[in-house]
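Trainee: Below is one structure. I have some questions about it.
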Amino acid sequence: MNKETVYLVSHMCPGANERDQDEAPTFQDDYSAKYLEMIRRFAHIIVGQFCGHLHSDTFRIVYDQHKKPVSWMMVAPSLTPNKSPGVSNNPGLRLYKFNTNSGHILDYTQYYIDLESSPNGDPDDWRIEYNLTHYYGLHNITPKTLHAIAETFQDDESAQFDRYIEANSVRQFKPKDCNLECRRAQYCAVTELDYGRFHSCVETAAEALSGSVRPRGHEALFAASVLLTVVVLTLRRHH
């Protein structure tokens, strides 16, 4: 194909809404399967996929049959703000940087208006929210590097996830606002674009994430027990 490369631009990406698990899937199952198979087949020439619809700042990863990351999708936040429980966002605007020879995406800069400090939505009050490569510490933007970011979401103390979740709502939410259910929905939406597999992932991730928190509680209980034992022994010696 004469070294041609392709961008795919659409209103919707396949998969689930990470902020509303019960929302109807964006693609019907048959069309989703066909689309994802096409992406896997032509991943070597598809250098970027761009979509919106969700009003959130997120990304998606496509894997091959061996779970190797082969393609990515960027979901940009909307210019239209939203103020609803769980799905709020500030206005966002994105500027991509790309290689004019290969078409590969090199970076992007995300701009936003902070409605808390600019309640009238001053159209001239656009600020830089973040730069992708600097924000996540990336040397390049590939399915593999984005997969590495997504994998950190399974760690309940992930600094990468904290950065991601703040960007997800364009600075409307803080990491503390995202509980375990929220975290697993984010991880599964990024990594499982088939709607059925997304829900299976949510259930599996719920068990894994809950398990990752338990040891900390056990350690705290053990430490408290040891401290109580020390106090009791000390009191006995004094008596």
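Trainee: With +1 on each Lys and Arg Cβ and -1 on each Asp and Glu Cβ, how big is the dipole of the range 1-122 about its Cα centre, in debye rounded to the nearest 20?
Mentor: 540
Trainee: Counting other Cβ atoms within 10 Å of each Cβ, which GluC sites (Glu not before Pro) in the range 32-139 have at most 14 and sit in a DSSP loop?
Mentor: In loop regions of the range 32-139 (DSSP not H, G, I, E or B), the sparsely surrounded GluC sites (Glu not before Pro) are E116.
Trainee: Could you tell me which of rounded, prolate or oblate describes the range 121-182, using a ≥ b ≥ c as the square roots of the eigenvalues of the alpha-carbon gyration tensor, with rounded for a/c under 1.5 and, failing that, prolate when a/b is larger than b/c and oblate otherwise?
Mentor: oblate
Trainee: Quick one: grab the alpha carbon gyration tensor of the range 1-106, order the square roots of its eigenvalues as a ≥ b ≥ c, and give me rounded if a/c is under 1.5, else prolate or oblate depending on whether a/b is larger than b/c.
Mentor: Note, shape of the range 1-106 comes out oblate.
Trainee: With the contact rule set at Cα under 8 Å and sequence spacing of 6 or more, what percent relative contact order holds for the range 99-168?
Mentor: 24
Trainee: Hey, which lysines would be in cross-link range of K174, C-alpha to C-alpha under 21 Å, not counting anything within fewer than 8 residues on its own chain?
Mentor: K83
Trainee: Near K68, which lysines are there with a Cα under 18 Å away, not counting those fewer than 8 places off in the same chain?
Mentor: By straight Cα distance, K68 reaches K144.
Trainee: Net charge within 11 Å of D155 by Cβ-Cβ distance, Lys/Arg positive one each and Asp/Glu negative one each, not counting D155 itself?
Mentor: So the surrounding residues net to -3.
All of the numbers you see were taken from the coordinates with simple rules; none came from a lab. Not measured: the values here are computed from a predicted model. Quick reminder, even Gly has a Cβ in these numbers, built from the backbone with ideal geometry, and neighbours come from all protein chains shown.
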